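A quick write-up on the structure given underneath.
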Amino acid sequence: MKKAYRASLLRFDDTGRALFDEDGLLVVAPDADGRQCVLDAGPHASVAPRHPDADVTPLPGRMLAPGFIDMHIHFPQTDIIGAPADGLLPWLENYTFPAESRFAQRAHSDAVAEVFFDELLRNGVTTSLTFATSHVESVQAFFEAAQRRRLRMITGKVLQDRHSPDGVRDDTEQSLIDTESLIRRWHNVDRLGYAITPRFAPTSTDAQMRGAGDLAAKYPDTWIHSHVAENKDEVKWARELFPQARSYLDVYQGFGLMRERAVYAHCIHFDDDDRRLMRETKSATAVSPTSNLFLGSGFFDFEGADRIGYRYGLASDVGGGTSFSPFATMMAAYYVGREGQTKPGISIPPSQLWWRHTGGAAQALGLGGVIGTLQPGTEADFVVINPKATPLLARKTALAENLEELLFAMIVLGDDRLIEGTVISQALAG
Ligand code: GUN
Ligand code: ZN
């Protein structure tokens, strides 16, 4: 049963080059597992004759694009977006840990998971690498809700057995037992994946970090998800706690927590040795610019990352980040490129910003060829964009003379109103 959608079509190749068809056709069909995958895509004039049997939905004036991928977000922080604080550590203590302690209750976890997925999908985000809390209940609630919605989603129980208040601090041995049973219960079930999630090195004992590294070796296709080098006070603290390590990042390497599918949020206060360690271990950075600007953490060095050549993609980091919208994140990444670099600043091309939030993020997550590009064989998670969603967007997108101008108009002026629909690669009913 082939379905097809006729609209303008944005895709990416594996090098990050944007492909655009003004009058495009996206053809989807179920694979052997019943997942809707892209069968064919490209200009309507050449693709349509190959599929006379497809059931075509015309979407005039609309643009189809890969679903966005958020490389780092905290579902339990949905309600603390916009909590002001004098930097990361007071923000954690005064807002984050009290809010997260409520996720010991399953009913609260269930309620927030629903709000979270509604919000992701309204904003066109179809996959996220997601922090839960230290409570097993939060992970169960997340996976069950994601499974019902047939989403490709990744999360894991947060590990934090020290320097954390009652209510969120876990027990070393039990935390590792729980992690392993959650991996066995959920990893690779439908489109769900497990991430071994030490919160950050300062809140885990050596024993917990070692246990996390052992699990990462035992289950090599799970993800590893943590924070590093976000804030200067945090870096100082980590250096005091782990004086033997060459750098804060090197702490994770010492515990076997750097490999493909290891994702570290922020990576701001790095030197070139850290960047090389990221490259050599195939680890990736989740660049979180709205969070870094909001908490005053600093600026990700895009130039340094590209010069050394390691993997990264974009992330909201809600609730340190201020928006679920990929347009807000791409805009903030552009500002950081302009102002946050060793001078002169760089102007990241709009199609590159978009790639870092779709196909590039998929590659950084080790999901290249699976999601993020709308190339044939990939899963058909996509957004239906209305470029005329507001009067100003209608004017500005109509004036665009090329693809970069069109994408930039949406990045600068866009928000959730641009996303008219989010289509998930569901198994066919029956
Ligand atoms: N470092 C440790 N925990 C957190 C968190 O919840 N948010 C951010 N932004 N940084 C962290
Ligand atoms: Zn975070």
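A single member of ALA4, ALA45 is at pLDDT 95 or above and surrounded by fewer than 17 Cβ atoms within 10 Å (Cβ to Cβ), and it is ALA45. Taken over the range 361-379, residues that are surrounded by 24 or more Cβ atoms within 10 Å (Cβ to Cβ) and under 19 Å from ASP21 (Cα atoms) amount to 3.
In a residue-by-residue description of the range 202-215, the property of being within 19 Å of MET71 (Cα to Cα), modelled with pLDDT of 95 or more, touching a strand residue (DSSP E or B) at 6+ places or on another chain (Cβ under 8 Å) and more than 12 Å from ligand 1 (Cβ to nearest atom) applies to no position. Scanning the range 145-160 for residues that are part of a helix (DSSP H, G or I), surrounded by fewer than 23 Cβ atoms within 10 Å (Cβ to Cβ) and touching a residue at least 12 places away in the same chain (Cβ under 8 Å) gives ALA145, GLN147.
Closer than 26 Å to ALA328 by Cβ and hydroxyl-bearing (Ser, Thr, Tyr): is that true of THR126 in this structure? Against the criterion (closer than 26 Å to ALA328 by Cβ and hydroxyl-bearing (Ser, Thr, Tyr)), THR126 qualifies. Of note, ALA286 satisfies the criterion of being under 26 Å from TRP91 (Cβ atoms), within 15 Å of ligand 1 (Cβ to nearest atom) and crowded, with 21+ Cβ neighbours inside 10 Å.
What number of residues in the range 48-76 are among the charged types (D, E, K, R) and either within 16 Å of ligand 1 (Cβ to nearest atom) or under 30 Å from LEU129 (Cα atoms) (or both)? Here the count works out to 2.
The residues on offer are THR172, THR222, and the sole one that is at pLDDT 95 or above, away from ligand 1 (no atom under 16 Å from the Cβ), more than 25 Å from the chain's Cα centre (by Cα) and surrounded by 16 or more Cβ atoms within 10 Å (Cβ to Cβ) is THR172.
Using the structure shown, decide if ASP110 is surrounded by fewer than 23 Cβ atoms within 10 Å (Cβ to Cβ), away from ligand 2 (no atom under 16 Å from the Cβ), part of a strand (DSSP E or B) and modelled with pLDDT of 95 or more. The answer is no for ASP110.
Counting the residues of the range 278-312 that are out of contact with any Ser or Thr (no Cβ under 8 Å at 6 or more places or on another chain), of a type outside the set (S, T, N, Q) and farther than 19 Å from SER347 by Cβ gives 10.
Of the candidates PHE142, PHE117, PHE131, the single residue that is among the aromatic types (Phe, Trp, Tyr), over 21 Å from ALA201 (Cα atoms) and within 16 Å of ligand 2 (Cβ to nearest atom) is PHE142. Candidates ALA364, ALA305: the one that is away from ligand 1 (no atom under 16 Å from the Cβ), under 24 Å from GLN253 (Cβ atoms) and touching a Cys at 6+ places or on another chain (Cβ under 9 Å) is ALA305. Applying a threshold of 6 Å to beta carbon distances and a minimum spacing of six or more residues, or different chains, the list of pairs starting in the range 334-359 at a residue that is within 18 Å of ILE69 (Cα to Cα) and ending at one that is among the polar types (S, T, N, Q) reads GLY359/THR373.
With respect to (1) crowded, with 21+ Cβ neighbours inside 10 Å; (2) within 13 Å of ligand 1 (Cβ to nearest atom); (3) in contact (Cβ under 8 Å) with a residue 60 or more places away in the chain, the lone exception for ILE268 is condition (3).
Every test in (1) away from ligand 1 (no atom under 14 Å from the Cβ); (2) within 18 Å of the chain's Cα centre (by Cα); (3) outside any helix (DSSP H, G or I) is passed by ALA41 save one, and that test is (2).
For ALA207, are the conditions met, namely being over 28 Å from SER291 (Cβ atoms), in contact (Cβ under 8 Å) with a residue 12 or more places away in the chain and out of contact with any Lys or Arg (no Cβ under 7 Å at 6 or more places or on another chain)? The answer is yes for ALA207. Restricting the search to the range 59-79, which residues are more than 12 Å from ligand 2 (Cβ to nearest atom) and either surrounded by 18 or more Cβ atoms within 10 Å (Cβ to Cβ) or assigned to a helix (DSSP H, G or I) (or both)? Within the range 59-79, LEU59, ARG62, MET63, LEU64, ALA65, PRO66, GLY67, PHE68, ILE69, THR78, ASP79 meet the criteria.
The values are calculated or read from the model by the stated rules, or taken from the named source; none is laboratory data. All values reported here derive from a predicted model rather than from experimental measurement. Every residue, glycine among them, receives a Cβ derived from its backbone with ideal geometry; neighbour counts consider all protein chains shown.
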